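Report on the following structure.
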Amino acid sequence: MSEDDAPAAAKLIVEALKARPPEDRGLFLRQLIAHAAAGLSLLEGARAASEAVYRLGDAVVARPGA
């Protein structure tokens, strides 16, 4: 998968969200993030996974209105 595939990945996530009731979407995204971090840890090591999770946290904190 290349960076050019990012829209396709985003589309998969959007479709998965649409298939769930609104009250289940947050849990789905939290589980997706956890599984993605675990997979990244296996593929690239704990350091890379930790950095990605920290960057996600920074993005949330840096977002106006967060």
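The values are calculated or read from the model by the stated rules, or taken from the named source; none is laboratory data. Since this is a predicted model, take the numbers as computed values, not measurements. To get the accessible areas, we keep the full protein, side chains included, count just its heavy atoms, and leave off ligands, DNA and RNA. Shrake-Rupley method; radii C 1.70, N 1.55, O 1.52, S 1.80 Å.
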* Structure fact -> Considering region 1-45, residues that are open to solvent by 90 Å² or more (accessible area, probe 1.4 Å) and among the hydrophobic types (A, V, I, L, M, F, W, C), and then whichever is modelled with the lowest pLDDT, we arrive at Met1
* Structure fact -> Given (1) at pLDDT below 95; (2) at negative phi; (3) open to solvent by 70 Å² or more (accessible area, probe 1.4 Å), Gly65 misses just (2)
